[in-house]
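Scroll down for the structure; my scribbles are underneath it.
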Amino acid sequence: MYDKMVKEEIKEIGHEYIVYGLRRSGNHAIINWILPQVKGDFSYYNDVWPNAPYKGKPKQRRGNGSKVDTSIISFEDYNLQIFKSLLRNRSQPKVQKRTTILIIRDPFNWYASRLKSDMSQPAHYSGLNLRQLYLQYIREYNRESIFLEGHVVLISYNQWKSDLSYRKSISKGLGLEFTDDGLNKVTGEGGGSSFDGMIVSGQQLRTDKRYLYYLNDDTFLSLFTNKELLFFCESEFLIPEELLFLKDKVKRKNTDLLDSIVLNTVPKWTHFLRQTYLTFKK
């Protein structure tokens, strides 16, 4: 696998997988499930800088040359709007084939894990609060917006964790030879599980019950004041019985209009300012 010798800079990639997900969405678990299914030389760069994803040392790598059969690069908590222009303008390394992966997790357990890990704000500034950033990701997941182009594989972390046939279909969609060998690996990225650390295997993690810890927490409950978000939960994940009262709460405090205005305007301006800054920085 990966040794500590200095590796040659990657200049050519057979198949590049680009993974997008909000932190605590199961990104590392899914990537480490993918890696045992990869054949040949590979590189894996975790939580990278968009403008230079292959700069620095990879998290894992197999092989020493400038050409790898497969690469995986992971982006966490970014405004998805920036990637359309970035990919179009990127010429190095040379990529023969590209697959995009978008991971989503139910917001109840996702936000509970964020709060437990002291991640109540997005990791990167985009002008969006955490609820608005989650809305951007679920709109992309529903393909209501198309910031991610090409071959896009959508992964529900909840279903991936619980459903063997779903994992097999995801593996096929990624063009991999299926094995579940990496399923029970709890990785050290981000400190492992926000609740259990590194003490249990992947399938033993009670990732579907994290919300129970925050049932009476006002900060936690404040995320769920958007009808669009709750409707997505109800159709994609189901709302836990203990949180059904949120459907009444959202009627009293509905943030849909404000969130939509922010989502439709602010990311464009922050993207423009970001591009301007990077242009003048050169």
**Complete:** Those residues of region 139-169 which are in contact (Cβ under 8 Å) with a residue 24 or more places away in the chain, part of a loop (DSSP other than H, G, I, E, B) and over 28 Å from residue 255 (Cβ atoms) amount to 149, 150
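Residues that are closer than 21 Å to residue 132 by Cβ and loosely packed, with under 14 Cβ neighbours inside 10 Å: does region 211-218 have at least one? Step through it out loud before you land on a result.
Filtering region 211-218 for residues closer than 21 Å to residue 132 by Cβ gives 211, 214, 217-218.
Going one step further and asking which of them are loosely packed, with under 14 Cβ neighbours inside 10 Å, we end up with 217-218.
Checked region 211-218: at least one residue is closer than 21 Å to residue 132 by Cβ and loosely packed, with under 14 Cβ neighbours inside 10 Å.
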**Message:** Please determine whether any residue of region 19-32 is outside any helix (DSSP H, G or I), among the polar types (S, T, N, Q) and within 17 Å of residue 175 (Cβ to Cβ).
**Reply:** no
**Message:** Return the residues of region 107-125 that are among the polar types (S, T, N, Q) and surrounded by fewer than 21 Cβ atoms within 10 Å (Cβ to Cβ); say none if nothing qualifies.
**Reply:** 117, 120, 121
**Prompt:** Just to be sure, is residue 19 closer than 20 Å to residue 96 by Cα, touching a residue at least 12 places away in the same chain (Cβ under 8 Å) and within 14 Å of the chain's Cα centre (by Cα)?
**Reply:** yes
**Request:** Could you tell me whether residue 136 is of a type outside the set (Gly, Ala, Ser), at pLDDT 95 or above and open to solvent by less than 30 Å² (accessible area, probe 1.4 Å)?
**Result:** yes
**Request:** Could you list all residues from region 267-282 that are open to solvent by 80 Å² or more (accessible area, probe 1.4 Å) and under 26 Å from the mean Cα position of the chain (by Cα)?
**Result:** 268, 269, 272, 273, 277
**Asked** What are the pairs, 6+ residues apart or on separate chains, where a residue within region 240-252 that is surrounded by 15 or more Cβ atoms within 10 Å (Cβ to Cβ) has its Cβ under 6 Å from a residue that is in a helix (DSSP H, G or I)?
**Response** 250/227; 250/230
**Asked** Can you find a residue in region 65-74 that is crowded, with 16+ Cβ neighbours inside 10 Å and under 20 Å from residue 158 (Cα atoms)?
**Response** yes
**Prompt:** Among the residues of region 129-185, which ones are of a type in the set (Asp, Glu) and closer than 22 Å to residue 37 by Cβ?
**Reply:** 163, 177, 180, 181
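When region 139-158 is examined, which residues are found to be among the β-branched types (Val, Ile, Thr), modelled with pLDDT of 95 or more and surrounded by fewer than 20 Cβ atoms within 10 Å (Cβ to Cβ)?
Initially, region 139-158 is screened for residues among the β-branched types (Val, Ile, Thr), giving 146, 152-153, 155.
Next, only the ones that are modelled with pLDDT of 95 or more stay: 152-153, 155.
Correct list: 152, 153.
State the number of residues belonging to region 253-266 that are open to solvent by 80 Å² or more (accessible area, probe 1.4 Å) and either acidic (Asp, Glu) or closer than 26 Å to residue 156 by Cα (or both).
Result for region 253-266: 1.
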**Asked** Could you say whether any residue in region 88-98 is modelled with pLDDT of 90 or more, on the phi > 0 side of the Ramachandran plot and either in contact with a strand residue (DSSP E or B) (Cβ under 9 Å, 6 or more places away or on another chain) or open to solvent by 10 Å² or more (accessible area, probe 1.4 Å) (or both)?
**Response** no
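The values are calculated or read from the model by the stated rules, or taken from the named source; none is laboratory data. Because the structure is a prediction, the values reported are computed rather than measured. Because the Cβ atoms are built from the backbone with ideal geometry, glycine has one as well, and the counts that use them run over all protein chains shown. Ligands, DNA and RNA are excluded from the accessible area calculation, which covers all protein heavy atoms including side chains. Shrake-Rupley method; radii C 1.70, N 1.55, O 1.52, S 1.80 Å.
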